[in-house]
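Below: one structure, written as structure tokens.
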Amino acid sequence: MTSRPKLHLAVALDGAGWHPAAWRDEAARAAELFTAGYWVDVVREAERGLLDLVTIEDSLGPQSTRTDQVRGRLDAGLIAARVAPRTAHIGLAPSAVVTHTEPFHISKAIASLDFISAGRAGWQPQVSGRRSEAAHFGRRDIDPAELFDEAADYVEVVRRLWDSWEDDAEIRDVATGRFIDRDKLHYIDFAGKWFHVKGPSITPRPPQGQPLVAALATDAAALRFAARAADIVFTTAHDAERARITTDRIRAEALAVGREHDIPRILGDLVVFLGEHAADRKARLDELDGTEYTPDAPVFAGTAAELADRLLNQAAGLAGFRLRPGVIPHDLTAITRELVPELQRRGAFRAAYEAGTLRARFGLHRPVSRYATNAGGHL
Amino acid sequence: MTKQIHLAAHFPGVNNTTVWSDPASLSQIEFSSFTHLAHTAERGKFDFLFLAEGLRLREHAGKIYDLDVVGRPDTFTVLAGLAAVTEHLGLAGTINSTFNEPYEVARQFASLDHLSGGRAAWNVVTSWDAFTGENFRRGGFLPENQRYDRAQLFLRTARELFDSWQGHEIVADKESGTFLTDPRAGAFEHRDAHFDIAGRFNVPRSPQGRPVIFQAGDSDAGREFAASAADAIFTGHATLEAGKHFYADVKGRLARHGRSRDELLVFPATTVVLGDTEAQAHERAAHIRHQQVSGQTAIRFLEQLWNTDLSDLDPDGPLPDFDPVIGTDTITKGRASARRNRDPIATARQWRELAEAKQLSVRELIIEVTARQSFIGTAAHVADAMNRFVQEDAGDGFILVPHLTPGGLDEFVDTVVPLLQERGVYRPEYPGATLRENLGLPPLENPRRSKKTAS
């Protein structure tokens, strides 16, 4: 039997699911969206399916102005931290809006998530051009055309802060009385249009060296940003042909900025409704919501076996997929208990978690701190 | 009436307290260390675990300070992680009101309160210096004399955000399709000299309504800020007389803010050294102090006051015979104590007199002048002394600062806590579900809701 290349599978978590009426599904735990128990159960279910990672959506304003849709969300970074000690293998990648937050704070938050989870932390930087969210911060000078350039500088600051402590900076040298070797701590001295950050971080270098940075590429500006700044890129192409064009462009952009040694891993994004009557179920939710749900990513409605066919047919050029369950838990458990066994039967998915960090799972090297005196490339 | 003692644990982050050279001193950054201290504290029915904050590494004479424990995680992230491994323990974090924005901080605390089932606490601190500002977008934008203004307005703004949800809006009724009953849930608008913001807060009301608010700060402005807005105040006044004086002062300030004496708890920070005999405990205490203040550490402390290079000085010899250098720039940066001495020449004179009177070397003097109040003795002696301290209104409880990470409170919890329980001054079980309930603080009124229910 020829062995197929194994797919990477991620799940994107948002409230009760990605359909705006997901919370009205009888299986949805709509009243528990703001409890730790809900998030622990959901992420543990994803871990049960041996998935690579979960992403957790966030925003600095309400998702909706309607009273018949979910409104309110907890800080995604804190959800990830709350879940980390209750899981053992799955990667945890919260979103964080970079437009209104400080790279210094985010850098230490994600590094700390990496410590808590023993090397399972990721992060999805996200921009916000919404005027209503800017008004939450009193910030008035937002130029939508510059959002992704600002985000690219932001990620650069965060990565430099992660590198600002060399791995072996803590020495506890009783003979000289020094706890740290200060020659292994570095000012990052970043000076750009939006940020001046001195460094070093207050948090030592995390287990992965640099936790995994993920980005969603929906349009040209987002794609350029993702290709420059991310380790994992989610694309939303609607068919195999367009997926190939997108992945080629991401690779070309990455090469253009000198990333020949660390081309981002690309995952196709898909909203999924699974089961015998998946299409009917989506139609019913559309009706409840009063409008047809047409997200930025392609929608799949069908059985787990049909989804397995589609994923394997589209996989060329992609490292795998990030699935957005239309309704949690319905579509999440269909992924973990039907799709995953189906892919395993076809030899296209892992049978167990292997030891190692989230970076290692994606075959990404652990970067050497750029400030290390003998830093000369890649391990 | 016999007062009940409150206890809390401090996880020493960046500090010169932890004796890191001791083989029992484990990681200050691995999560297992935080878990260990949290489990110990919860076994001892402590109210909360407390994390301090620092947003720039300390420097001394233009270089990163390398003698002390350094390297700490993000406060919110660790507290959320600890919520997963504890059930009752309050989770208190210092978060700066200068290099943060109210919407974001309020969101994080409300989230932490949800994720911990009502155990979040916020120690509001202020900062102003350009040194710390160099790590942030706006730099050192705040004049020192405005820092309490900003803190006060920051807290007021955050409270408006916490109160922007009343707590009953979300019904999630699948049948009717009503997720929330009030379309205006989360609406806020706030304009003052520091903040000009409006919109919708996107975290529903949390189990405690808002985090418990702590404040630390000893100046008149700091005490007044605490009396007006905090649920508890942290203090360094841990000797019986100083404690009583401080306690009377801050409790006396409450009435003019329309608050009663039970609405503000006083928590002095203290250390405990135990021994099988009094003599043994004192011997241990002296040994610990000696380890905490190495010769090099003593010189660095002295340089902090003298504001000049004293690296040639013998730590086992006498103090310098010249006066401190008065300058606008301080040799030590990023350390609160560096700003405390407003009159270095007078302090230096006092130190010299003290050293001469007691025949102290530089190192011995620094050991003496940097000593924190400690309870030293047998478990029975310490239990009695702590109880007396609380019964005589020098505090409502203590924040215990261990000198070892993470096992430094194990012995206290195993030996002193049972004695306090036997004496009927310390609870055998947690009385409530939330931190606010465990602290015995009166229930919160939601201003908006009380207006509504009154109509």
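The values are calculated or read from the model by the stated rules, or taken from the named source; none is laboratory data. Owing to the predicted nature of the structure, the values given are computational and were not obtained by experimental measurement. Cβ: placed from backbone, ideal geometry, glycine included. Neighbour counts: every protein chain shown. Heavy atoms of the whole protein, side chains included, go into the accessibility calculation; ligands, DNA and RNA do not. Shrake-Rupley method; radii C 1.70, N 1.55, O 1.52, S 1.80 Å.
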Report summary line: When restricted to B:299, B:288, B:233, the only residue surrounded by 14 or more Cβ atoms within 10 Å (Cβ to Cβ) and not in a helix (DSSP H, G or I) is B:233
Query - Enumeration of residues in the range A:1-57 that are more than 29 Å from residue A:211 (Cβ to Cβ), free of Cβ contacts under 8 Å to residues at least 12 places away in the same chain and in a helix (DSSP H, G or I) - result: A:31
Query - Matching option when the condition is at the interface with another protein chain (Cβ under 10 Å from one of its Cβ atoms) and at pLDDT below 95, among A:64, A:59, A:3 - result: A:64
Query - Matching residues, the range A:186-212, being surrounded by fewer than 22 Cβ atoms within 10 Å (Cβ to Cβ) and assigned to a strand (DSSP E or B) - result: A:190, A:191, A:196
Query raised in the report: Which one of B:84, B:106 is open to solvent by less than 10 Å² (accessible area, probe 1.4 Å), without any contact (Cβ under 8 Å) to a residue 24 or more places away in the chain and more than 18 Å from the chain's Cα centre (by Cα)?
Result: B:84
Query raised in the report: Does the range A:306-322 hold any residues that are within 20 Å of the chain's Cα centre (by Cα) and assigned to a loop (DSSP other than H, G, I, E, B), and which are they?
Result: A:315, A:317, A:318, A:319
Query - Odd one out for residue A:233 among (1) more than 14 Å from every other protein chain (Cβ to nearest Cβ); (2) in contact with a strand residue (DSSP E or B) (Cβ under 6 Å, 6 or more places away or on another chain); (3) open to solvent by 50 Å² or more (accessible area, probe 1.4 Å) - result: (3)
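Matching residues to (1) over 29 Å from residue A:187 (Cα atoms); (2) facing chain A (nearest Cβ under 10 Å); (3) in contact (Cβ under 8 Å) with a residue 24 or more places away in the chain; (4) surrounded by 20 or more Cβ atoms within 10 Å (Cβ to Cβ):
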site: B:98; (1), (2), (3), (4): no, no, yes, yes
site: B:122; (1), (2), (3), (4): yes, no, yes, yes
site: B:149; (1), (2), (3), (4): yes, no, yes, no
site: B:153; (1), (2), (3), (4): yes, no, yes, no
site: B:177; (1), (2), (3), (4): yes, yes, no, no
site: B:180; (1), (2), (3), (4): yes, yes, no, yes
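Within the range B:12-30, is there a residue that is open to solvent by 20 Å² or more (accessible area, probe 1.4 Å), acidic (Asp, Glu), under 30 Å from residue A:34 (Cα atoms) and more than 8 Å from chain A (Cβ to nearest Cβ)? First the steps, then the outcome.
Within the range B:12-30, the first condition is being open to solvent by 20 Å² or more (accessible area, probe 1.4 Å), and the residues that meet it are B:14, B:16, B:20-24, B:26-27, B:30.
Those left that are additionally acidic (Asp, Glu): B:22, B:30.
Checking the rest, the ones that are also under 30 Å from residue A:34 (Cα atoms) come to B:30.
Adding the requirement that they be more than 8 Å from chain A (Cβ to nearest Cβ) leaves none.
No: zero hits.
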Report summary line: Across the range B:267-285, the tally of residues that are open to solvent by 30 Å² or more (accessible area, probe 1.4 Å) and among the hydroxyl-bearing types (Ser, Thr, Tyr) stands at 1
Report task. Of the conditions (1) closer than 22 Å to residue B:235 by Cα; (2) at the interface with chain A (Cβ under 10 Å from one of its Cβ atoms); (3) touching a helix residue (DSSP H, G or I) at 6+ places or on another chain (Cβ under 7 Å), residue B:51 clears all except one; give me its number. Result -> (2)
Requested in this report: Could you please let me know if residue A:25 is touching a strand residue (DSSP E or B) at 6+ places or on another chain (Cβ under 9 Å), open to solvent by 10 Å² or more (accessible area, probe 1.4 Å) and within 13 Å of chain B (Cβ to nearest Cβ)?
Outcome: no
**Report entry** Hits in the range B:369-386 - residues which are over 21 Å from residue B:40 (Cβ atoms) and touching a residue at least 40 places away in the same chain (Cβ under 8 Å)
**Finding:** B:370, B:371, B:373, B:381
Report summary line: When the range B:396-444 is checked residue by residue, the ones that are open to solvent by 10 Å² or more (accessible area, probe 1.4 Å), within 30 Å of residue B:166 (Cα to Cα) and in a loop (DSSP other than H, G, I, E, B) are B:430, B:431, B:432, B:433, B:434, B:440, B:441, B:442, B:443, B:444
**Report entry** Exclusive hit being over 30 Å from residue B:57 (Cβ atoms) and not aromatic (Phe, Trp, Tyr), set B:139, B:199
**Finding:** B:199
Report summary line: Within the range A:72-98, of all residues that are in contact with a Leu (Cβ under 6 Å, 6 or more places away or on another chain) and either part of a strand (DSSP E or B) or not hydrophobic (A, V, I, L, M, F, W, C) (or both), the one nearest to the other protein chains (Cβ to nearest Cβ) is A:82
Query - Residues that are buried (at least 24 other Cβ atoms within 10 Å of the Cβ) and either under 17 Å from residue A:150 (Cα atoms) or facing chain B (nearest Cβ under 9 Å) (or both), drawn from the range A:106-123 - result: A:107, A:108, A:109, A:110, A:111, A:112, A:113, A:115, A:116, A:117, A:123
Report summary line: If we ask which residues in the range B:198-211 are touching a strand residue (DSSP E or B) at 6+ places or on another chain (Cβ under 8 Å) and either in a helix (DSSP H, G or I) or not basic (Lys, Arg) (or both), their number turns out to be 7
Requested in this report: Mind listing whichever residues of the range B:349-366 are open to solvent by less than 30 Å² (accessible area, probe 1.4 Å) and either at positive phi or not in a loop (DSSP other than H, G, I, E, B) (or both)?
Outcome: B:355, B:362, B:365, B:366
Requested in this report: Only residues that are outside any helix (DSSP H, G or I), small (Gly, Ala, Ser) and open to solvent by less than 20 Å² (accessible area, probe 1.4 Å): list them for the range A:138-183, please.
Outcome: A:164, A:169, A:177
